[in-house]
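*Asks:* Quick one: structure below, then a few questions.
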């Protein structure tokens with residue numbers, strides 16, 4: 001792909017603009033394992049429990065495949081994690097991706 005093609009003007013696809021998106025901050029040790037994971041494996045599962053009149057409870061259970069992606073001497077990490085849900089109000093957040101190719 002030439003450099004010129006990388007910077008060509010394109011239409012922005014907004015067909016999914018109304019779909020909700022979650023921004024999740026995870027501990028560095030989880031992010032490090034996710035970075036090591038090949039794109040074809042399941043990294044974990046979210047479980048959302050909502051009781052009437054209460055805030056949703058969200059838990060993350062990491063897959064065995066991710067738990068096994070450790071370097072020699074690296075400590076084991078917990079399989080199950082509780083995520084705190086916060087409301088982001090009166091803010092506009094945007095998510096963009098940029099293709100960068102190293103030469």
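The values are calculated or read from the model by the stated rules, or taken from the named source; none is laboratory data. None of the values given here were measured: they were computed from a predicted structure. Positions of Cβ are backbone-derived with ideal geometry, glycine not excepted, and every protein chain shown enters the neighbour counts.
*Asks:* In this structure, does residue 28 turn out to be out of contact with any helix residue (DSSP H, G or I) (no Cβ under 6 Å at 6 or more places or on another chain), loosely packed, with under 10 Cβ neighbours inside 10 Å, over 30 Å from residue 8 (Cα atoms) and at pLDDT 90 or above?
*Replies:* Details: out of contact with any helix residue (DSSP H, G or I) (no Cβ under 6 Å at 6 or more places or on another chain): yes; loosely packed, with under 10 Cβ neighbours inside 10 Å: yes; over 30 Å from residue 8 (Cα atoms): yes; at pLDDT 90 or above: yes.
Criteria met by residue 28.
*Asks:* Could you grab me the full set of residues in the stretch 44-76 that are assigned to a loop (DSSP other than H, G, I, E, B) and at pLDDT 95 or above?
*Replies:* 63
*Asks:* Which residues, taken from the stretch 73-83, are surrounded by 10 or more Cβ atoms within 10 Å (Cβ to Cβ) and without any contact (Cβ under 8 Å) to a residue 24 or more places away in the chain?
*Replies:* 74, 78, 79, 80
Residues are listed down the side, and each one gets a yes or a no for (1) under 14 Å from the mean Cα position of the chain (by Cα); (2) without any contact (Cβ under 8 Å) to a residue 24 or more places away in the chain; (3) surrounded by 14 or more Cβ atoms within 10 Å (Cβ to Cβ):
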{"position": "44", "(1), (2), (3)": "yes, yes, yes"}
{"position": "60", "(1), (2), (3)": "yes, no, yes"}
{"position": "85", "(1), (2), (3)": "no, no, no"}
{"position": "89", "(1), (2), (3)": "no, yes, no"}
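*Asks:* Is it the case that residue 16 is outside any loop (DSSP other than H, G, I, E, B), within 28 Å of residue 94 (Cβ to Cβ) and out of contact with any helix residue (DSSP H, G or I) (no Cβ under 6 Å at 6 or more places or on another chain)?
*Replies:* So residue 16 does not fit the description; no.
*Asks:* In the stretch 28-42, how many are in contact (Cβ under 8 Å) with a residue 24 or more places away in the chain and either closer than 20 Å to residue 85 by Cβ or in a helix (DSSP H, G or I) (or both)? Explain how you work it out, then say what you get.
*Replies:* First pass over the stretch 28-42, keeping only residues in contact (Cβ under 8 Å) with a residue 24 or more places away in the chain: 29-30, 33-34, 36-37, 41.
Applying the additional criterion that residues be either closer than 20 Å to residue 85 by Cβ or in a helix (DSSP H, G or I) (or both) yields 29-30, 33-34, 36.
The number of residues fulfilling the criteria is 5.
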